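*Asks:* There's a structure below that I have some questions on.
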Amino acid sequence: MTTPQMIVILSGFALTVLIVWYFWLSPKGQTRAAVSASGAQEVAIMVKGGYSPDVIVAQKGRPVRLTFTRQESSSCSEQVLFPDFNQSALLPEGEQVTLEFTPSEPGEYGFQCQMGMLRGKLIVE
Ligand SMILES: [Cu+2]
């Protein structure tokens, strides 16, 4: 094997490692819910091709109040579901829709659109 071939193979390998790291292993941003004057943990979530933020950290035993604003007309995101809490809401475009519930157990709870294409996660500590 010639040196140029080696270089091509090695750089291809390095690129693969970088892509795997970027998509699956790099730490994703987490948003900690801010406690409001009412004692609820509040987060505003923008819905546009996904949820942002999509990883929310909250404390157990305190109400979590999530306000969704859907800024797109794609039917994919017109509903948001929290299966673990039996919560769901329709999200009319441009309107603020608030979901409130109190997680009692620590854990990781997913939320998603009705088809499961958009996903987010609530981490309860
Ligand atoms: Cu969807």
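Throughout, read-outs are computed from the coordinates displayed, never taken from laboratory work. Since this is a predicted model, take the numbers as computed values, not measurements. Virtual Cβ from ideal backbone geometry, glycine too; neighbours counted across all protein chains shown.
*Asks:* Count the net charge of all other residues whose Cβ sits under 10 Å from the Cβ of residue 78, scoring Lys and Arg as +1 and Asp and Glu as -1.
*Replies:* So the surrounding residues net to -1.
*Asks:* Amide H neighbours of residue 118 under 5 Å, at least 5 residues apart or on other chains, H built in the peptide plane: list them.
*Replies:* For residue 118, whose amide H was placed from the backbone, the distant partners under 5 Å are 113.
*Asks:* Count charges around residue 95 for me, please; just the other residues with Cβ under 13 Å from its Cβ, Lys/Arg as +1, Asp/Glu as -1. Before the final figure, lay out each step's value.
*Replies:* On the way: positive: 70; negative: 72, 78, 93.
With Lys, Arg at +1 and Asp, Glu at -1, the net is -2.
*Asks:* Name the long-range amide H neighbours of residue 45: under 5 Å, sequence gap of 5 or more, or other chain; modelled H, no Pro or chain starts.
*Replies:* 67, 68, 69
*Asks:* Which one, 52, 120, 36, is farthest towards the positive end of the dipole of the range 31-124 when Lys and Arg carry +1 and Asp and Glu -1 on their Cβ?
*Replies:* 36
*Asks:* With the cut-off at 1.5 for a/c, could you classify the chain from its C-alpha gyration tensor as rounded, prolate or oblate?
*Replies:* Taking the square roots of the gyration eigenvalues as a ≥ b ≥ c, the chain is prolate.
*Asks:* Can you tell me the 0 to 90 degree angle between the C-alpha axis of helix 3-20 and the longest principal axis of the chain, rounded to 10?
*Replies:* Once rounded, one gets 10 degrees.
*Asks:* Same structure, new question: Show the residues, 5+ positions off or on another chain, whose built amide H is closer than 5 Å to the amide H of residue 60.
*Replies:* Counting only residues 5 or more places away or on other chains, the set is 125.
*Asks:* Also, quick follow-up: Taking the Cβ of residue 35 as the center, what net charge do the other residues with Cβ under 15 Å away carry, scoring Lys and Arg +1 and Asp and Glu -1?
*Replies:* Every neighbour counted, the sum reads +1.
*Asks:* Another question about this same structure. Report the relative contact order of the range 72-112, percent, no decimals, based on alpha-carbon pairs under 8 angstrom and at least 6 residues apart.
*Replies:* Once normalised by length, the contact order is 41 percent.
*Asks:* Return the FRET efficiency for the residue pair residue 59, residue 95: r is the Cβ-Cβ distance, R0 is 22 Å, and the value is rounded to the nearest 0.05.
*Replies:* Efficiency for this residue pair is about 0.20.
*Asks:* Let me ask another. Tell me, what is the percent relative contact order of the range 31-124, built from C-alpha pairs under 8 Å that lie six or more residues apart?
*Replies:* For the range 31-124, the relative contact order is 29 percent.
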